[in-house]
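For reference, the structure discussed in these notes is given below.
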Amino acid sequence: MKQAILEITMKVSDADRPKAGAIYAKYKPPFLATVPGAKSKDLLVREEDVQVLHGFDSQASAESYLESRLFAKDVVGALTPYLMAPPEIRIYECY
């Protein structure tokens, strides 16, 4: 079975990055403990943006997470005030 990476890239101001980082830290444990197929979650910070990489056991698991309450209501709801633009969402299959 091919694994998958869900990449979410966000534009967040320097002033709001600590708040966005706190949201990442808050939701990482429930993501790993409750999301079917979840394998990993990592935060990457660059000058121009912030990325969260989610590891899954399959593309189907990554797609299901995007439709879950945890993502759609909890995470997106908490991050929305800090986003300077809509996030870029991509799913990659790992070979």
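Sticking with the crude label model, points 7 Å out along Cα→Cβ, report the distance from Lys73 to Lys26 in nm, one decimal please.
1.5 nm
Give me the angle, in degrees from 0 to 90, between the Cα long axis of helix 17-34 and the longest principal axis of the Cα atoms of the chain, rounded to the nearest 10.
20 degrees
Taking 7 Å along the Cα-to-C-beta vector as the label spot, tell me the Glu88-Gln51 distance in nanometres, rounded to one decimal.
The modelled label-to-label distance comes out at 0.9 nm.
Taking 2.2 N^0.38 Å as the expected size of a compact globular protein, what ratio does the Cα radius of gyration of the chain give against it, to two decimals? Don't skip to the answer; put the middle values down first.
Details: Rg = 12.8 Å, N = 95, 2.2 N^0.38 = 12.4 Å.
Compactness ratio reported: 1.03.
Where is the GNM fluctuation largest for the chain (alpha-carbon springs, 10 angstrom cutoff): Gly55, Gly21, Gly77?
Gly77
Quick one: if the Förster radius is 22 Å, what FRET efficiency do Leu66 and Ala15 give, using the C-beta to C-beta distance and rounding to 0.05? Before the final figure, lay out the partial values.
Values: r = 28 Å, r/R0 = 1.27.
Approximately 0.20, to the nearest 0.05.
Given DSSP loops and a limit of at most 10 other Cβ atoms within 10 Å, what is the longest stretch of the chain that contains no such GluC sites (Glu not before Pro)? Please report the intermediate quantities before stating the final value.
Details: sites that count: Glu47, Glu48, Glu67.
Result, exposed sites excluded: 1-46.
To the nearest 10 square angstrom, what accessible area does Ser61 show with a 1.4 Å probe?
20 Å²
The values are calculated or read from the model by the stated rules, or taken from the named source; none is laboratory data. Since this is a predicted model, take the numbers as computed values, not measurements. Reconstructed Cβ throughout: ideal geometry from the backbone, glycine too, with neighbour counts over all protein chains shown. These accessible areas exclude ligands, DNA and RNA; they are computed on the full protein's heavy atoms, side chains included. Shrake-Rupley method; radii C 1.70, N 1.55, O 1.52, S 1.80 Å.
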